Ligand code: FES
């Protein structure tokens, strides 16, 4: 092996790192370590000038190893791997030290944070000495795409791909396409018909020669990797169907929160307390009537049901405020005399045209009443015979500071959007992660909001978080464009950090074969040795830690590399104690 | 002399490391004694890594993986758990206090739990004091 010539770059990340970590001290400390040719700091390593700095140094100083101490490798490892590759170094001869997410952002003592950064950079220096070049492997991309979920996001994505002449398999759990949008009456803020919008889309999807729709179907046993997945579609038939595809779009959506959990609202007890989804259907029927067929004289709309609450969900569902205003407009159009009460916690009108819509709607003779979501929820109770209304809402009105009673004949609960009960099944099937609110986690919250950390798997629509129709559609088209780009290229690079068996050391015990979750290892009788199928291996490394004879190398996570990392961490801290 | 413990942590890439990153993006605060090493899966954590960390002078070793059932590679965390049980017995015989080795499951969304875990472990190690392993014992590498 040629003598390592390491270049170390410490990023300030503006002030994000430099404020808590003395970057110059880190550079000075590691600059004299063996094999370190240079150690520099720069304001933004990930910027073009930052990357150019590395490229120039590689050429000018004949570096053959590069370390960047900056943010999490989950964010920019690929950026820097590409940069060093541009300068002619194998991308795997690069290593990152995470001194932002796992250092400057979590510590408050500057000298401790600086020491930690030195240890982490030192660990990277020790490790990178043992890095070996790995040859990239690319695989052909199956041009078919699997879309899970037949709501508006899934359908739009499917159409975009199918219109480009590529095959799509669209798998829908229920017996119909259209998802929630198909149940809406009008949409906000333009009060245009949801049905007129969604029905042509459903028809195009169902009749498209490039789209195979599977209704009342679920996907299971997904295996493979970007470009080459396969899975079974189960739809009640005794024999599940096997599909092959190169990319996956999850568009599994969210569901309505069940308001019967909130006792104060009496949902399930009072027939005229309905959810926003149920009210859509009432509106679609053409006439707003109570369960007894009477025209309501007082309607209340209660916001944030299950949202922005310590007990249920802390997040905001983003669309309910505007849907509530849409209801107000629709009710007013049909019932000019009806008293309408908007019982809200906060009014959120952030979208395009939404603030204007809010301002407009306030002119519809609506009574706005505010409650404190964190203090006391309004309570609905049955009215007395003498009350001349169906129910009464007791509430503390926040702006006036008064406790009041609101007479109502009908109450609409603006229910939160929450994850499906079976969300974990999807998560496990396609290998994505969930955030604390049970939404799928995107690869990068700002720069890569439709991809996931699993190559070839995209997330669109509300399964990624509550959103309105335009945002869902934008994501759907974005994911479709990403997939069409990979299909057009015909091949993609895949991870090469797989396991490797050194036949000479293999004792033939076959422990590795038993621990491998992917049946990627087989025993070669003639050689009396195990052998790894690189296509099936996903690089988890569990065989490497199980192998009793040290015959298995987990590429890029070798024993030598990790042990050196430990040594690097300890070589500095030990001196201090 | 002021005791500044060093904890070497092994975190799987998919859940635990992401959870630790989230603690950062959410600007949670925790004790600065931890040094994190990323592995793809907790199933990659070889007992040698743990022993080497102690041998090199670590005062504690923390292992974090995905919750049971959530491992990105199906079952790596179960394998990790089994190895952890074995190595716990082994280190006890070497005279290493049980507080010094910990295994916890951290999901990608559990930044807060991660920060609390680091604080608790740091506190526990401050209580047991510096590890004497490095000075009293030469751990034979299982692998060279
Ligand atoms: S990937 Fe986290 S434990 Fe296996």
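So the values come out like this:
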| read-out | value |
| --- | --- |
| Residue in the range A:324-338 that is under 30 Å from residue A:159 (Cα atoms), in contact with a strand residue (DSSP E or B) (Cβ under 7 Å, 6 or more places away or on another chain) and either in a loop (DSSP other than H, G, I, E, B) or in contact (Cβ under 8 Å) with a residue 40 or more places away in the chain (or both) present | yes |
| Spans of helices (runs of 4 or more DSSP H) in the range A:488-577 with at least 3 residues without any contact (Cβ under 8 Å) to a residue 24 or more places away in the chain and more than 7 Å from every other protein chain (Cβ to nearest Cβ) | none |
| Check on residue A:436, in contact with a strand residue (DSSP E or B) (Cβ under 7 Å, 6 or more places away or on another chain) and surrounded by fewer than 22 Cβ atoms within 10 Å (Cβ to Cβ) | no |
| Residue match in the range A:304-313 (condition: free of Cβ contacts under 8 Å to residues at least 60 places away in the same chain and either in contact with a strand residue (DSSP E or B) (Cβ under 6 Å, 6 or more places away or on another chain) or over 14 Å from residue A:412 (Cα atoms) (or both)) | yes |
| Qualifying residue in the range A:424-447 (condition: modelled with pLDDT of 95 or more and not in a loop (DSSP other than H, G, I, E, B)) | no |
| Unmet requirement for residue B:101, which otherwise passes all of (1) buried (at least 19 other Cβ atoms within 10 Å of the Cβ); (2) within 14 Å of chain A (Cβ to nearest Cβ) | (2) |
| Candidate set: the range B:4-19, residues that are closer than 24 Å to residue B:127 by Cβ, out of contact with any strand residue (DSSP E or B) (no Cβ under 6 Å at 6 or more places or on another chain) and facing chain A (nearest Cβ under 7 Å); chosen: the one nearest to the ligand (Cβ to nearest atom) | B:6 |
| Test: residue in the range B:23-45 that is closer than 18 Å to residue B:114 by Cα, more than 7 Å from chain A (Cβ to nearest Cβ), more than 15 Å from the chain's Cα centre (by Cα) and surrounded by 22 or more Cβ atoms within 10 Å (Cβ to Cβ) | no |
| Subset of the range A:76-110 (residues that are in contact (Cβ under 8 Å) with a residue 60 or more places away in the chain and either part of a helix (DSSP H, G or I) or more than 8 Å from chain B (Cβ to nearest Cβ) (or both)) | A:92, A:99, A:100, A:103, A:104, A:110 |
| The range A:228-264, subset assigned to a loop (DSSP other than H, G, I, E, B) and at pLDDT 95 or above, residue nearest to residue A:143 (Cα to Cα) | A:246 |
| From B:38, B:83, residue being more than 10 Å from the ligand (Cβ to nearest atom), farther than 20 Å from residue B:135 by Cα, out of contact with any strand residue (DSSP E or B) (no Cβ under 9 Å at 6 or more places or on another chain) and not in a loop (DSSP other than H, G, I, E, B) | B:83 |
| Residues of the range B:48-80 that turn out to be in a loop (DSSP other than H, G, I, E, B) and either out of contact with any strand residue (DSSP E or B) (no Cβ under 7 Å at 6 or more places or on another chain) or within 12 Å of the ligand (Cβ to nearest atom) (or both), as a count | 12 |
| Members of the range B:73-89 that are more than 14 Å from chain A (Cβ to nearest Cβ) and surrounded by 14 or more Cβ atoms within 10 Å (Cβ to Cβ) | B:88 |
| Set B:59, B:70: member being more than 26 Å from residue A:564 (Cβ to Cβ), more than 7 Å from chain A (Cβ to nearest Cβ) and surrounded by 17 or more Cβ atoms within 10 Å (Cβ to Cβ) | B:70 |
| Evaluation of residue A:372 against (1) over 34 Å from the mean Cα position of the chain (by Cα); (2) surrounded by fewer than 17 Cβ atoms within 10 Å (Cβ to Cβ) (one fails), failing number | (1) |
| Residue ID - farthest from the other protein chains (Cβ to nearest Cβ), chosen from residues in the range A:390-420 that are without any contact (Cβ under 8 Å) to a residue 24 or more places away in the chain and surrounded by fewer than 16 Cβ atoms within 10 Å (Cβ to Cβ) | A:405 |
| For residue A:51: the one exception among (1) under 17 Å from residue A:90 (Cα atoms); (2) at pLDDT 95 or above; (3) in a loop (DSSP other than H, G, I, E, B) | (3) |
| Which numbered condition residue A:522 fails, given (1) in contact with a helix residue (DSSP H, G or I) (Cβ under 8 Å, 6 or more places away or on another chain); (2) buried (at least 17 other Cβ atoms within 10 Å of the Cβ); (3) closer than 24 Å to residue A:225 by Cα | (2) |
| Matching residues, the range B:22-38, being in contact with a helix residue (DSSP H, G or I) (Cβ under 7 Å, 6 or more places away or on another chain) and free of Cβ contacts under 8 Å to residues at least 60 places away in the same chain | B:32, B:35, B:36, B:37, B:38 |
| Residue list for the range A:160-194, filter: outside any loop (DSSP other than H, G, I, E, B) and touching a residue at least 60 places away in the same chain (Cβ under 8 Å) | A:160, A:161, A:169, A:171, A:181, A:183, A:186, A:187 |
| Residue within the range A:199-211 that is in contact (Cβ under 8 Å) with a residue 60 or more places away in the chain and in contact with a strand residue (DSSP E or B) (Cβ under 9 Å, 6 or more places away or on another chain) present | no |
| Residue check for residue A:308: part of a loop (DSSP other than H, G, I, E, B) and touching a helix residue (DSSP H, G or I) at 6+ places or on another chain (Cβ under 6 Å) | no |
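The values are calculated or read from the model by the stated rules, or taken from the named source; none is laboratory data. Here the structure is a predicted model, which is why all the values come from computation and not from measurement. Here the Cβ is made from the backbone with ideal geometry for all residues, glycine too, and neighbour counts use every protein chain on show.
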